[in-house]
1. Any chance you could count how many residues in segment 87-107 are farther than 17 Å from residue 138 by Cβ and out of contact with any helix residue (DSSP H, G or I) (no Cβ under 7 Å at 6 or more places or on another chain)?
2. Restricting attention to segment 104-116, which residues are surrounded by 13 or more Cβ atoms within 10 Å (Cβ to Cβ) and assigned to a loop (DSSP other than H, G, I, E, B)?
3. Look through segment 83-103, keep the residues that are in contact with a strand residue (DSSP E or B) (Cβ under 6 Å, 6 or more places away or on another chain) and buried (at least 19 other Cβ atoms within 10 Å of the Cβ), and return whichever of them is nearest to residue 214 (Cα to Cα).
């Protein structure tokens with residue numbers, strides 16, 4: 001378990017936002033307060049309030065502490081929310097966004113609970129488990145969490161995915177350097193993440209510039225402001 005109360009979760013989010021906010025603030029002050037500043041404040045509010053809503057029941061009642069993988073499940077949803085797929089990745093306007101796990105599932109029921117009854121730009125969310133990367137390709141998965149059990153086959157998996165518009169996510173040291181697009185990290189009991197921007201753009205995907213700013217590191221970043 002991470003921390004002793006929900007407060008630790010918000011400290012994690014606060015830590016994650018602070019460094020990014022300082023960079024944004026400096027740019028906004030230098031360039032004048034405009035749409036960039038408004039957009040950044042909006043996304044911060046969205047992240048905090050949406051995650052808060054899942055955590056807080058009553059100001060007088062302390063909710064149970066959230067586990068590492070409850071927090072990581074919430075991050076997976078946010079990664080999907082702040083990503084954009086090519087139009088061809090969806091057969092129709094109501095085609096589900098398929099979020100899958102390849103290999104051993106560390107989430108249990110946590111990810112399914114986070115995704116339940118949620119939508120992304122009118123697309124319902126569908127949770128799928130895979131044992132082989134070919135299954136994810138055949139199912140036209142949109143976001144694929146690659147478990148630690150697949151580390152020895154990671155190169156084979158990424159080669160099979162090629163330039164398919166599948167947002168790959170992991171939580172294993174070295175995954176981002178190897179070509180996984182987003183890798184979750186646990187730094188001093190705080191969940192953070194790194195992004196391989198080159199891998200993202202090479203698959204025809206786009207992630208929000210605000211999401212890039214929240215990353216602890218960005219591999220092969222294209223420009224200071226992101227896409």
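1. 5
2. Listed by number, the residues that qualify are 105, 106, 107.
3. In this case the residue turns out to be 83.
Every number here is computed from the coordinates shown, using simple stated rules; none is lab data. Fair warning: this is a prediction, and the values are worked out from it, not measured in the lab. Cβ atoms come from the backbone with ideal geometry, glycine included; neighbour counts cover every protein chain shown.
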